[in-house]
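Worksheet: one structure, shown below.
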Amino acid sequence: MLGGGYLRERRHRPEENWKPAYELEITSGLLRMVLPTLTLRIKAKQQALLLEAVNLLKTQNHWTLQNDERLEEIRLELKKLNKKGRLALD
């Protein structure tokens, strides 16, 4: 426990020859506090989109179609930005 999240090792099947992987899961409150203080030169677009999503979720007291549509747009944009390989650069 990190006072707002968890750090855990991701387990793989024994037959998979993968290196250990770790997941950090933090609360939205901690993310709202920490994310603006980070300097992420390569991931600046992802940082801005994630911060927008977290703030939308904070202000969303009830279901709104507008927020849900924007959150889906953010999710798709993050997925596009996080693609690996040559096609991601095009």
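Quick one: how many residues across segment 1-10 are surrounded by 12 or more Cβ atoms within 10 Å (Cβ to Cβ) and out of contact with any helix residue (DSSP H, G or I) (no Cβ under 8 Å at 6 or more places or on another chain)?
Initially, segment 1-10 is screened for residues surrounded by 12 or more Cβ atoms within 10 Å (Cβ to Cβ), giving 4-5.
Going one step further and asking which of them are out of contact with any helix residue (DSSP H, G or I) (no Cβ under 8 Å at 6 or more places or on another chain), we end up with none.
So the answer is 0.
Scan (1) charged (D, E, K, R); (2) modelled with pLDDT under 80; (3) part of a helix (DSSP H, G or I) for the single condition Lys84 breaks and write down its number.
Checking Lys84 against (1) charged (D, E, K, R); (2) modelled with pLDDT under 80; (3) part of a helix (DSSP H, G or I), the one that fails is (3).
Which one is modelled with the lowest pLDDT among residues in segment 37-51 that are surrounded by 10 or more Cβ atoms within 10 Å (Cβ to Cβ) and part of a helix (DSSP H, G or I)?
Looking at the filtered set, the residue picked out is Ala44.
Of the residues in segment 10-29, how many are touching a strand residue (DSSP E or B) at 6+ places or on another chain (Cβ under 8 Å) and of a type in the set (Asp, Glu)? Steps first, answer last, please.
So in segment 10-29, the residues touching a strand residue (DSSP E or B) at 6+ places or on another chain (Cβ under 8 Å) come out as 10, 12, 20-27.
If we keep only those that are of a type in the set (Asp, Glu) too, we end up with 23, 25.
The total comes to 2.
Exactly one of these conditions fails for Val54: (1) out of contact with any Lys or Arg (no Cβ under 7 Å at 6 or more places or on another chain); (2) at pLDDT 85 or above. Give me its number.
The one condition Val54 does not meet is (1).
Could you please find all residues in segment 11-31 being in a loop (DSSP other than H, G, I, E, B) and surrounded by 10 or more Cβ atoms within 10 Å (Cβ to Cβ)? Show your work before the answer.
Here is the first cut: in segment 11-31, the residues in a loop (DSSP other than H, G, I, E, B) are 11-20, 27.
Correct list: His12, Thr27.
The values are calculated or read from the model by the stated rules, or taken from the named source; none is laboratory data. Since this is a predicted model, take the numbers as computed values, not measurements. So basically every Cβ, Gly included, is an ideal-geometry build from the backbone, and we count neighbours across all protein chains shown.
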